[in-house]
Structure formats: C-alpha cells, structure tokens
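*Asks:* First the structure, then my questions, so here it is.
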Number of protein chains: 2
Amino acid sequence: MTITITADQVRQLREQTGAGMMECKKALAETGRDFQKAIDVLRKAGIAKAEKRGERAASEGVVDSYIHPGNRVGVLIEVNCETDFVARTDEFKDLVRNLAMQAAAAGADYLRREEVPADRIAREREIYGAQLRTEGKPEPMIEKIVDGKINKFYSEVCLLDQPYIKDDKIKVQDLVTQAAAKTGENIQVRRFARYRLGQD
Amino acid sequence: MTITITADQVRQLREQTGAGMMECKKALAETGRDFQKAIDVLRKAGIAKAEKRGERAASEGVVDSYIHPGNRVGVLIEVNCETDFVARTDEFKDLVRNLAMQAAAAGADYLRREEVPADRIAREREIYGAQLRTEGKPEPMIEKIVDGKINKFYSEVCLLDQPYIKDDKIKVQDLVTQAAAKTGENIQVRRFARYRLGQD
C-alpha cells in the first residue's frame, strides 16, 4: 500500500515536532497520515520534542481582556481576522475591547445560539409554558408566545445575539459584520470566558 | 411528611429569586429542599425573576487578567480569599497578577494534577516507556523512570505544580501558601483560562 505524503504535510509535522524531513515522512506513512499518531511515533522514537513545544498559532487576531473596576467581573476574549496587518489596526483593537466590555457588562453565557445546550432550552420552554398556563393564556397561543420568549432568552445569554450595550438598535453580531465590511476581512469572535467572583 | 426548612434556606432562596418568604418556604417544602427545583417552581408560578438575575457572589477575592505584549497570549484568573479586606490589599493583588503572568508565560493547561485527564497521563506513560525501550534501558528501571517523567510532566502542565517563573526554587503552590500565611486567610486559586491566538 502506498500512501501519498505531500511536502506540505511533512513541513507541518516538522514545524510541530522539530524532527527531520525523512523521519516525518516515515511517521506519516506508518500512521496513514494521522497527524496526532505521527507525533506520538516520533516522540516514542525520542525524535520529537515534547508536545508542549508543538504550540503554533494558526490564525491572526487579538487576545484581550476587560476587567470591570472592582475586580469582581472579568472577560478574556479571542477575535480572529485574516492578517496581522488588520489585527494591529486601532479599529480592530477597539472592536475587541468593545466585545470584551459587552460580555462583561451584559453577562453572556455562550457565544452563539448553537452553543446553548438543548436541555437548557427544553427547561426554559417548560418554565415559560407553565407560566403562561398559570396566567390563563389559551393553549393555541402558548407555543407561539414561548417561541418568542426563547428568542428573547437567546438574546440575553448569547453574546452575538445580544443588543449592543453602546447602541441597542444593533446586535453584537452586526458590530462584528460592520468591522468585517470596513476592513475587508473575515472577522470571527472565536471564544470568550467570563468570570464573576464566586460564581460558576 | 414534614420537611424542616431553616430560616437560612428561605433567606438564600429569597436572595436568589426575589420571591416572598412564604412562597420560598412553600417551594422548598414542595421540592424536598431541592434548591434548583424550588427556583423552577417559583419561576413557573411567575413569582421568581429569571435565572440570570439570580447571580450572586459566594466568595471574596479578585478576578484579574494578564495580556502578554503583542496580544497573542492572555490569561483570565480568579483567586479567592475570605474577606474583602484582604482582597483589596496590594499584597493580594500582586499575588493574583503574578499568578496570571505565570500562567501566561509558562503555559499551564490545568490548575492542579487532579484535573489532568487519566487518558492524557496514560498516553504520556506509553510514550515515555517506548522512548526508554528505544534507548535500551533495562525493563525493571523503566517504570521508576516513567514515574519521574510523569512528575516532571505535571510540573509543566499544572499551574500550581510549576516552578515559579520569578524564583524557580519554589513552586507556584508555595507562593500561594506564603501569601495565605502572611494574610492569615485561606487563599485558593479557583480557576484560570489561557488563550493563545489560533490555538485550542
């Protein structure tokens, strides 16, 4: 069985492991081009450096934080763009800072609605349904109202769905889209973490 | 069946939901003192405010961050102490800042060794064992050497196990212990997140 290994695959493995060209090629062939397994093969042979050193950045952008005065709430955020040139512009840095402040002030739990666990939505639906029944709303209306309430719930817990705190006529996603249009680059909020003192 | 509800439990539920005393007591009784379910009961009845507003801080301490110049690596950290008084001291703030810098510079993946997944350790053990066999080490020695290497691995990937970057004669945990002794309070690093641009 012959497995084709491209020069690009070999280069990537060399960058990650510091191993020689032929060794990388052999490791990729042995493992059917499974990158992670090839690294293990090289490490077992004592050729590759430890995994920790394999760290490499795949995209451009900025990692930044916002700590609310008083140090009880803080946010760490990563926003990606396509080039280092855009990442260094004040415009991009301002966008990242505004996004971090937004997450701190408005208290998002998730980045986008696809990330909200299904059981959390099911629980919210059940609660809203019971509330409406308690209020005596007719059954046929309930599902429609619940859908509306779930949309509102998304706009409270998902960062990109939230109304922008500095201009509530737009959503946070619109802010990102505007910046992408201005810079001409694909801009993505990759991840964020929000810590509130003493809270999970 | 009678369930005893303490005044303290009622107070806690009131703080979290904004509901009245009798309503809280009833909800706790109905749910066998299951706090989360009692909140749901109150919400279904339209009495409690939405869960998001239930946020409350359980401990004192500081949330802080350290962003490495160039904005490619950043750390968010929460460190807890017992009183707001200690949290406001320069000593405590310096500790938190040093811990954040440590995590950014030394690249920890976990807080303490108990958090490292068993399969990651199993994989490291397998790799180290294979390396030693490749080097021709006698089998009876291998397990002992592997144990030593695993300890070294912990001291690379666990923040509290790392040598302190500003004084490698002590571990990061010692730094925390020293601060606890000086302030006379229990000090715990609760959590941290480290983002490196383009990396998981």
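*Asks:* What are the pairs, 6+ residues apart or on separate chains, where a residue within segment A:44-65 that is more than 7 Å from chain B (Cβ to nearest Cβ) and at pLDDT below 50 has its Cβ under 7 Å from a residue that is outside any loop (DSSP other than H, G, I, E, B) and open to solvent by 20 Å² or more (accessible area, probe 1.4 Å)?
*Replies:* A:54/A:16; A:56/A:15; A:56/A:16
*Asks:* Mind checking which pairs have a first residue in segment A:20-43 that is on the phi < 0 side of the Ramachandran plot and open to solvent by 80 Å² or more (accessible area, probe 1.4 Å) and a second that is in a helix (DSSP H, G or I) and not charged (D, E, K, R), Cβ under 8 Å, 6 or more apart or different chains?
*Replies:* Between residues of segment A:20-43 that are on the phi < 0 side of the Ramachandran plot and open to solvent by 80 Å² or more (accessible area, probe 1.4 Å) and residues that are in a helix (DSSP H, G or I) and not charged (D, E, K, R), the close pairs are A:21/A:10; A:25/A:10; A:30/A:38; A:30/A:41.
*Asks:* Inside segment B:72-96, can you point out the residues that are in contact with an Asp or Glu (Cβ under 7 Å, 6 or more places away or on another chain), of a type outside the set (A, V, I, L, M, F, W, C) and in a strand (DSSP E or B)?
*Replies:* Start the filter on segment B:72-96 by keeping residues that are in contact with an Asp or Glu (Cβ under 7 Å, 6 or more places away or on another chain), which leaves B:74, B:77, B:80-84, B:86-87, B:96.
From what's left, of a type outside the set (A, V, I, L, M, F, W, C): B:74, B:80, B:82-84.
Selection gives B:74, B:80.
*Asks:* Only residues that are touching a strand residue (DSSP E or B) at 6+ places or on another chain (Cβ under 6 Å) and within 20 Å of residue B:191 (Cα to Cα): list them for segment A:73-107, please.
*Replies:* Within segment A:73-107, A:73, A:74, A:75, A:76, A:77, A:78, A:100, A:103, A:104 qualify.
*Asks:* May I ask you to list the residues in segment B:181-200 that are more than 8 Å from chain A (Cβ to nearest Cβ) and not polar (S, T, N, Q)?
*Replies:* The first filter runs over segment B:181-200 and keeps only residues more than 8 Å from chain A (Cβ to nearest Cβ), leaving B:181-190, B:192, B:194, B:200.
Selection gives B:181, B:182, B:184, B:185, B:187, B:189, B:190, B:192, B:194, B:200.
*Asks:* So is residue A:148 in a loop (DSSP other than H, G, I, E, B), small (Gly, Ala, Ser) and free of Cβ contacts under 8 Å to residues at least 40 places away in the same chain or not? Explain how you work it out, then say what you get.
*Replies:* Details: in a loop (DSSP other than H, G, I, E, B): no; small (Gly, Ala, Ser): yes; free of Cβ contacts under 8 Å to residues at least 40 places away in the same chain: yes.
Spelling it out, it is not the case that residue A:148 is in a loop (DSSP other than H, G, I, E, B), small (Gly, Ala, Ser) and free of Cβ contacts under 8 Å to residues at least 40 places away in the same chain.
*Asks:* Of the numbered conditions (1) at the interface with chain A (Cβ under 10 Å from one of its Cβ atoms); (2) buried (at least 18 other Cβ atoms within 10 Å of the Cβ); (3) touching a helix residue (DSSP H, G or I) at 6+ places or on another chain (Cβ under 9 Å); (4) not polar (S, T, N, Q), residue B:130 satisfies every one except a single condition; which is it?
*Replies:* It is condition (2) that residue B:130 fails.
*Asks:* Hey, does segment B:88-102 have a residue that's within 13 Å of chain A (Cβ to nearest Cβ), acidic (Asp, Glu), open to solvent by 50 Å² or more (accessible area, probe 1.4 Å) and under 17 Å from the mean Cα position of the chain (by Cα)?
*Replies:* There is no residue in segment B:88-102 that is within 13 Å of chain A (Cβ to nearest Cβ), acidic (Asp, Glu), open to solvent by 50 Å² or more (accessible area, probe 1.4 Å) and under 17 Å from the mean Cα position of the chain (by Cα).
*Asks:* Hey, among the residues in segment A:151-169 that are free of Cβ contacts under 8 Å to residues at least 24 places away in the same chain and open to solvent by 90 Å² or more (accessible area, probe 1.4 Å), which one's farthest from the other protein chains (Cβ to nearest Cβ)?
*Replies:* The qualifying residue farthest from the other protein chains (Cβ to nearest Cβ) is A:169.
*Asks:* Any idea which of B:16, B:12 is open to solvent by less than 60 Å² (accessible area, probe 1.4 Å) and either at pLDDT below 90 or more than 14 Å from chain A (Cβ to nearest Cβ) (or both)?
*Replies:* Values: B:12 fails: open to solvent by less than 60 Å² (accessible area, probe 1.4 Å).
Testing whether each residue is open to solvent by less than 60 Å² (accessible area, probe 1.4 Å) and either at pLDDT below 90 or more than 14 Å from chain A (Cβ to nearest Cβ) (or both) leaves just B:16.
*Asks:* Follow-up. Taking residue B:144 as the residue in question, decide whether it is open to solvent by 40 Å² or more (accessible area, probe 1.4 Å) and away from chain A (no Cβ under 14 Å). Walk me through how you get there before you give the answer.
*Replies:* Details: open to solvent by 40 Å² or more (accessible area, probe 1.4 Å): yes; away from chain A (no Cβ under 14 Å): yes.
Here the answer is yes, as residue B:144 does meet what is asked.
*Asks:* I would also like to ask the following. Of all residues in segment A:68-81 being touching a Gly at 6+ places or on another chain (Cβ under 9 Å) and either more than 8 Å from chain B (Cβ to nearest Cβ) or within 22 Å of residue A:197 (Cβ to Cβ) (or both), which is surrounded by the fewest Cβ atoms within 10 Å (Cβ to Cβ)?
*Replies:* Looking only at segment A:68-81, we keep the residues that are touching a Gly at 6+ places or on another chain (Cβ under 9 Å), and these are A:68, A:71-73, A:76-81.
This time we only want the ones that are either more than 8 Å from chain B (Cβ to nearest Cβ) or within 22 Å of residue A:197 (Cβ to Cβ) (or both), so: A:68, A:71-73, A:76-77, A:79, A:81.
Values: A:68: 14, A:71: 19, A:72: 20, A:73: 21, A:76: 27, A:77: 29, A:79: 27, A:81: 24.
Going through the qualifying residues, I end up with A:68.
The values are calculated or read from the model by the stated rules, or taken from the named source; none is laboratory data. No experiment lies behind these values; they were computed from the predicted model shown. Cβ atoms come from the backbone with ideal geometry, glycine included; neighbour counts cover every protein chain shown. Accessible surface areas use protein heavy atoms only, side chains included; no ligands, DNA or RNA. Shrake-Rupley method; radii C 1.70, N 1.55, O 1.52, S 1.80 Å.
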